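Report on the following structure.
The values are calculated or read from the model by the stated rules, or taken from the named source; none is laboratory data. Quick caveat, the model's predicted, so the values are computed rather than measured. Cβ atoms come from the backbone with ideal geometry, glycine included; neighbour counts cover every protein chain shown.
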Amino acid sequence: MRPLGTLGAAAAGALAMYYLDPELGAQRRRLLAELVRSGLPGERRQARQRMRAYHRITQADPQSDADLRDQIQTRLGRLVSYPGAIDVGVSNGVVRLSGRVLAKERDGLLEQIHTMAGVQKLVNAMTSLDDPQEMGRRSAAAESGEPQPVA
């Protein structure tokens, strides 16, 4: 037992010196932490293969894109205060949201749309506004046909 204990103590000392080294220890600890977070190299390869299979984009037909766009536009009324200020485009399951949205509503909207069935990818091209009054002013100006000031 004594030689095994001595060998274990020597290994523990070497390990401590290796990771607590003042010059390279931080880098080694960072690499070890990354290895622990991401798993062993073989596991990472399997995870990438699963992700690749999951994100395979299929060719969607125009009817399903139109249905998805209609579902999103219907849901906008429950998710944001000014649904008419957001334009929805869908092509092969890729959803593009553009227009204006209140900043406090943006993240919830993106999360809800991203989790909808049929959404392959979500592109956020919206402008976020902090002030609801400015949103109302811009909506009123758009309905009256007045030119809108560029901010």
Unique residue being touching an Asp or Glu at 6+ places or on another chain (Cβ under 6 Å), surrounded by 13 or more Cβ atoms within 10 Å (Cβ to Cβ) and at pLDDT 90 or above when the list is 101, 94, 90: 90
Which listed residue, of 126, 116, is surrounded by fewer than 15 Cβ atoms within 10 Å (Cβ to Cβ) and in contact (Cβ under 8 Å) with a residue 40 or more places away in the chain: 116
Residues of segment 116-131 that turn out to be under 14 Å from residue 71 (Cα atoms) and either aliphatic (A, V, I, L, M) or at pLDDT 90 or above (or both), as a count: 3
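Considering only helices (runs of 4 or more DSSP H) fully contained in segment 1-65, which possess at least 2 residues that are hydrophobic (A, V, I, L, M, F, W, C) and modelled with pLDDT of 80 or more?
Working: elements: 2-20, 25-38, 41-54.
The qualifying helices (runs of 4 or more DSSP H) are 2-20.
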For residue 111: the one exception among (1) modelled with pLDDT under 90; (2) acidic (Asp, Glu); (3) under 22 Å from residue 67 (Cα atoms): (1)
